[in-house]
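Here is the structure we will look at, set down as structure tokens.
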Amino acid sequence: MKRLTYLVNKLVELKISHTNECVEWPFSHNQFGHGNIGYKGKTTSVHRIAYEVYYGKPIENIICHKCDNPPCFNPLHLYDGTYKHNMRDVKNRNRMPKGENAGNAHLTEKEVIEIIQLLNQGDTVRSIAKQFPVTRQTIWLIKKGIMWNYLSRPWGNASPERPKAKSKKKLEPWMRKGKKGALSLDQAIEILRLLDNGITQISIANQFGISQSCISAIKLGRIKRFQHLLKSLPKMGKPKLSENEVIEIIHLLHTTDLTQIEIGKIFDITPSNIHAIKIGRIWKHLPRPW
């Protein structure tokens, strides 16, 4: 009660004098230097009560100091602000704990200087992280100047530039000459024949167990060892099947036990073309009994 009486008397004096000097709380303080007082059954900061009593209006946010003096409770030095305003003041007044004084610091300033030197020498983030009790992300943040940004870096705030290694184009198995999984010349010819007959790339890719990009590469001549085929195969043209021949093929597929390979030999076309006729990928307008 003594402290509350002291506060009220002081506020009355300030209301009359309008003094612009700091008025510091002479009693207990919290860890941030603000005065403590018991008010409405709980301990609260003096500067908050002083602002509320002096201006006669409820506090909506947090009360910030204009004077940057935590023990001061002169209402003329206080304003109703937000957390963003308070953090802005802390930053502008250089009161933000940094370096080793930060509560979550795991490195000393000496260790960070050593890390910067290692980075400048060309050591990788991964190798440096193994030498210190921090993660690779922390080393990366130090490298970028996001953490410990007040320490000077030879490369400035930007990370040191390193020559980019030439990336080797990864070859898929079907592109590797003489390797397991590579396409043979006969297979490439067959693929071009199917493309010439209007079979979709995805269907051909599924048939040969390769990607559509492989089919497209063969079609566009991007694979050197198959480029000569594009000059010769177009002369072959599409298989010369008449509508009557296709009807006969459909009849043989429906009424006989001949395989697609055997029917292909009869008409001098590939089994793939027979299969395409059977499932209706080509000559779609002709009816199938099945």
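Computed quantities for the displayed model
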read-out	value
Overall dimensions of the range 2-92 by Cα: Rg and Dmax, Å	12.5, 37
Estimated vicinal HN-Hα couplings, Hz - the range 81-94 in sequence order (Karplus 6.51, -1.76, 1.60; Gly, Pro = x)	x, 10, 4, 5, 4, 5, 5, 5, 5, 4, 5, 5, 8, 6
Environment charge at residue 44 (Cβ cut-off 14 Å; Lys +1, Arg +1, Asp -1, Glu -1)	+3
Amide proton proximity set for residue 36, modelled H, under 5 Å, gap of 5+	28, 29, 30, 46
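All of the numbers you see were taken from the coordinates with simple rules; none came from a lab. In this text the structure is predicted, and so the values were computed from the model without any measurement. Positions of Cβ are generated from backbone atoms using ideal geometry, with glycine treated the same way; all protein chains shown enter the neighbour counts.
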